[in-house]
Amino acid sequence: MILSGKEIEKRLGRDIFIEPFSERQLNPNSYNLRLHNELLVYTTPVLDMRRPNPTERLVIPEEGLLLEPGRLYLGRTVEYTRTYNLVPMLEGRSSVGRLGLFIHVTAGFGDVGFEGYWTLEMFCIQPIKIYPGVEICQIYYHTIEGDYEPYRSRKYQKNTGIQPSLLYTEFEEMR
């Protein structure tokens with residue numbers, strides 16, 4: 001089951017933590033998360049799963065930043081979230097998608113026990129100007145049935161900013 005907006009608000013401080021929280025961003029069955037003013041882009045034309053890939057940090061100025069098609073941008077939410085006893089799910093807002101900007105194109109379901117900023121995978125199909133602080137995506141909360149182990153990954157848990165892929169660490173662990 002998906003939680004209603006009223007249920008999300010009721011569970012704040014217990015199962016759901018959103019910092020900062022604004023009632024204005026609450027929807028009937030989700031909560032809007034905002035885009036921070038920084039992005040990461042990979043700086044090499046070929047990415048390697050087995051190695052850390054170099055990135056460059058971009059700042060989104062108040063007057064906006066033009067995104068180019070065919071390039072992956074990594075952003076993050078303004079809000080830091082913690083979730084217990086529920087499964088968080090992230091989706092781009094339909095108003096944003098209708099402009100050809102796709103947000104968080106993989107791994108929409110988070111893990112029970114995730115804590116941190118959400119790294120947003122952003123890809124556009126035509127040039128689009130973006131702005132810091134825009135409500136870019138929505139977080140939903142689903143109930144979970146059965147016993148579970150809370151998320152304890154060393155890769156992305158309790159992050160302090162945008163997270164590029166850390167897949168290479170899995171290759172290192174296999175050695």
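Could you give me the ³J(HN,Hα) list for segment 86-91, computed from phi with Karplus coefficients 6.51, -1.76, 1.60 and θ = phi - 60°, whole Hz, x at Gly and Pro?
So the J values, rounded to whole Hz, are 9, 9, x, 9, 10, 9.
Only four residue types carry charge here, +1 at the Cβ of Lys and Arg and -1 at the Cβ of Asp and Glu. Report the dipole size of segment 1-64 about the Cα centre in Debye, rounded to the nearest 20.
Charge dipole of segment 1-64: 300 debye, to the nearest 20.
Count charges around Arg82 for me, please; just the other residues with Cβ under 15 Å from its Cβ, Lys/Arg as +1, Asp/Glu as -1.
With Lys, Arg at +1 and Asp, Glu at -1, the net is -1.
Tell me, what is the Rg over Rh of segment 71-158, with Rh the Kirkwood radius over Cα pairs?
We get a ratio of 1.00 for segment 71-158.
Using a Förster distance of 25 Å, how high is the FRET efficiency between Ser153 and Asn29, based on the Cβ-Cβ distance and rounded to 0.05?
Taking R0 as 25 Å, the efficiency between Ser153 and Asn29 is 0.40.
Carbon-plus-sulfur fraction of the accessible area of the chain, 1.4 Å probe, in percent?
On the chain, the fraction of accessible area on carbon and sulfur atoms equals 52 percent.
With r defined as the distance between the Cβ atoms of Glu91 and Ser165 and R0 fixed at 22 Å, what FRET efficiency is calculated, to the nearest 0.05?
0.60
I need two numbers for segment 112-167: Rg to one decimal and Dmax as a whole number, Cα atoms only, in Å.
My reading of the Cα-based Rg and Dmax gives 15.0, 45 Å.
Take the Cα of Glu7, step 7 Å along the line toward its Cβ, and report every residue of segment 85-129 whose backbone nitrogen sits under 14 Å from that point.
Those under the cut-off are 85-89.
Taking the alpha carbon gyration tensor of the chain, what are the square roots of 5 times its eigenvalues, largest first, to the nearest whole Å?
Semi-axes from the Cα gyration tensor: 26, 22, 13 Å.
Between Glu115, Glu135, Glu56, find the one with the highest GNM mean-square fluctuation for the chain; connect C-alpha pairs within less than 10 Å.
Glu56
If you project the alpha carbons of segment 38-102 onto the principal axes, what extent comes out on each, in Å, largest first?
Over segment 38-102, Cα extents along the principal axes are 39, 34, 22 Å.
To the nearest 20 debye, what charge dipole does the chain have about its Cα centre, counting +1 at the Cβ of each Lys and Arg and -1 at the Cβ of each Asp and Glu?
The dipole of the chain has a size of about 120 debye.
How high is the FRET efficiency between Arg175 and Thr44 when r is their beta carbon distance and R₀ equals 30 Å, given to the nearest 0.05?
Efficiency, from the Cβ-Cβ distance: 0.80.
For segment 5-174, what is the accessible area per residue in Å² when the probe is 1.4 Å?
55
The values are calculated or read from the model by the stated rules, or taken from the named source; none is laboratory data. Note that the coordinates shown come from a computational prediction; the quantities given were computed from them, not determined experimentally. Cβ atoms come from the backbone with ideal geometry, glycine included; neighbour counts cover every protein chain shown. The accessibility values were calculated without ligands, DNA or RNA, using every heavy atom of the protein model including side chains. Shrake-Rupley method; radii C 1.70, N 1.55, O 1.52, S 1.80 Å.
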